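Please read the structure below before turning to the comments.
Any read-out appearing in this document is the output of simple, stated calculations on the displayed coordinates, not a laboratory observation. Computed from a predicted model, the values in this text were never measured in an experiment. Cβ placement follows ideal geometry from the backbone for every residue including glycine, while neighbour counts extend to all protein chains displayed.
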Amino acid sequence: MAHPLHHAQSSARKFGGKPDDYLAIHQFFDESKGYHADFRHRALRHHAEGIFLAERIFGVAITNSDGRQVPVRFIGEQHVKEDLGFIPSVSDWLRCMKPQPWMTSNARKGPKEEDAP
């Protein structure tokens with residue numbers, strides 16, 4: 001899905017209530033698009049730890065406009081599954097990262113400007 005609103009509409013179909021009941025949670029997952037505007041933004045929150053972080057921020061459950069309690073974890077799982085097809089771990093994302101010399105504790109300087117993406 002391309003936008004938090006579409007995820008929120010999907011949540012309303014799945015759990016009841018209105019899309020506005022879910023929008024803030026879906027915006028949380030996609031907030032990282034604001035600083036990295038391609039699919040790689042998902043590495044920051046689209047994983048199991050990101051789902052549990054959402055639960056800490058929004059609470060264990062929300063009460064939708066139909067009066068139904070919906071676990072935040074279920075909403076987060078829905079979001080990640082809709083985008084990726086499964087729920088990866090942080091390790092799944094990090095395994096795909098190519099280590100660079102500046103990432104080690106021995107590095108004294110950051111990346112060279114010409115090495116920047």
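Considering only the other residues whose Cβ falls under 11 Å of the Cβ of Asp30, what net charge follows from Lys and Arg at +1 and Asp and Glu at -1? Taking every other residue near Asp30 into account, the sum is +1.
As a proxy for reagent exposure, ranking Phe58, Phe39 by other Cβ atoms within 10 Å from fewest up yields Phe39, Phe58. Net charge in the neighbourhood of Ser11 (other residues with Cβ under 10 Å of its Cβ; Lys, Arg +1, Asp, Glu -1) is +1.
Of all the options Ser105, Ser11, Ser89, the one that moves most in a Gaussian network model of the chain with Cα springs shorter than 10 angstrom is Ser105.
Around the amide H of Ile62, modelled in the peptide plane, lie the amide H atoms of Val70, Val72, all under 5 Å away and 5 or more residues distant in sequence or on another chain.
The helix-only estimate of mean residue ellipticity at 222 nm for the chain, built from DSSP H runs of length n ≥ 4 each weighted as -39500 (n - 2.57), is -12000 deg cm²/dmol after division by the residue total. Comparing Asp20, Asp38, Asp92 in a Gaussian network model of the chain where C-alpha atoms under 10 Å apart are linked, the largest mean-square fluctuation is found at Asp38.
Measure nothing fancy, just the Cα-based angle from helix 72-84's long axis to the longest principal axis of the chain, in degrees from 0 to 90, nearest 10. Once rounded, one gets 60 degrees. Could you tell me how many degrees, from 0 to 90 and to the nearest 10, lie between the Cα long axis of helix 48-58 and the main elongation axis, the longest principal axis, of the Cα atoms of the chain? Computed tilt is about 50 degrees. The three principal axes of the Cα atoms in the chain give end-to-end lengths of 56, 23, 22 Å, sorted in falling order. Using a Gaussian network for the chain with springs between C-alpha atoms less than 10 Å apart, which of these wobbles most: Lys33, Lys14, Lys98? Of the options given, Lys98 has the highest mean-square fluctuation.
Please arrange Ile75, Ile62 by counting, for each residue, the other beta carbons lying within 10 Å of its beta carbon, fewest first.
Lowest count first: Ile62, Ile75.
For the pair Met103 and Leu53 in one chain, pulling the backbone fully straight at 0.36 nm per residue adds 15.5 nm over the alpha carbon distance.
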